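Comments concern the structure below.
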Amino acid sequence: MSEGNGYKSGSRLEKVLAEGHFAITAELGPPKSVDVAVIDRKAGFLQGKVDAVNITDNQTAVVRISSIAAGVLALQRGLEPVIQMTCRDRNRIAMQSDILGAYVLGCRNLLCLSGDHPSFGNHPSARSVFDLDSIQLVDMVRAMRDEGKFQCGEEIRNGKKDPVVPPRMFIGAAENPFSDPIEYRVVRLDKKAKAGADFIQTQCIYDMPRFKQWMAQVVDRGLHEKVKILAGITPLKSARMAMYMRDAVAGVTVPDELITRMEKAEDPTEEGIRICLDQIEELKQVPGVAGIHLMAIEWEHKVPEIAERAGLLPRPSVE
């Protein structure tokens, strides 16, 4: 089953990638209260500058406005949301219910994640669910979309004589090229592609040689032809941030030369943006990379400048 014109979902992100444009997605974390002014402010920076915006799902296991509700608010503000869904907080019944709900509210992109352990968040004694893992979640969403069936095998219809009406989502997953052994990372990507992932967003990249090594394996297996790879980029604001990313963020490697470059910079903010721009230019030349996922953590106001200076504006028009 497919959307009109051969698209799986008809989302803008899907069309941009299908037409071969170098895609750019960003990230928007929902607020921790019902004050949605933060969504208004961030949407103002991102509107028209990116192809889609990830709406995080209680990131770092901290309670926030739900990703679906915040995604609808983003949609109303002119952004195309990528709804994140973690396996941490829901069983398969709740997940499928939320997928149906997200679709009828206009959301067309879904990123399937395991989710941070509750011990990292503000309810460390909360019980994790993990009824499914992220690969099983990808497969479940694919079956809902392509087969019109719930995970139990029941058709997605209101009654026996009613039509099957599935949620047609563009399905994403995450991957970390920097965990060891590197050979296993490409095997895991292959599993996600076979499960039904349409696009991948990677962990933020600072170790470019390691990323290129991983991408070479991706291309060697032909996986870049099965799933679109969006390379993760997080601009550095200071040498202190670079050291924090190196020492405290799991799965991230920051080469010493980048830390030294930030330490010696007269203007660390500008230097961080220059490093980001250098990375984007390099990524444009890496075979198999279809775009970037720009995670400008609480620096959304810099996204337009980065996109402009990287030659990524204006964004392409798609039908």
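Read-outs: derived from the displayed coordinates by stated rules, not from any lab. Quick caveat: nothing in here was measured; it's all calculated off a predicted structure. Please note: Cβ atoms are built from the backbone with ideal geometry, for glycine as well, and neighbour counts cover all protein chains shown.
So the values come out like this:
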read-out: Region 213-292 - convex hull of the alpha-carbon atoms, volume per residue in Å³; value: 91
read-out: Zero-based 5 Å bins, Cα pair distances in region 47-94, whole percents; value: 5, 22, 27, 21, 15, 7, 3, 0
read-out: Region 160-319: equivalent-ellipsoid semi-axes (sqrt of 5 x gyration tensor eigenvalues, Cα, Å); value: 31, 20, 15
read-out: Kirkwood-type radius of region 199-257, with distances r between different C-alpha atoms, in Å; value: 12.6
read-out: Where only alpha carbons of region 4-309 are counted, the Rg and the Dmax (Å); value: 19.1, 70
read-out: The chain, relative contact order in percent, only Cα pairs under 8 angstrom and at least six apart counted; value: 19
read-out: Part-to-part distance (alpha-carbon centres) for region 255-275 and region 156-172, which is given in Å; value: 50
read-out: Which of 20, 106, 150, positive extreme of dipole for the chain (C-beta unit charges); value: 150
read-out: Unit charges on C-beta of K, R, D, E only; dipole of region 4-309, Debye; value: 920
read-out: Among beta bridges that DSSP assigns inside region 4-309, antiparallel share in %, nearest 5; value: 5
read-out: Debye-sum result for region 90-135 in log10 I(q)/I(0), which assumes one identical scatterer on each alpha carbon, at q = 0.33 Å⁻¹; value: -1.16
read-out: Long-range HN-HN contacts of residue 111 with modeled amide H, under 5 Å; value: 83, 84, 85, 172
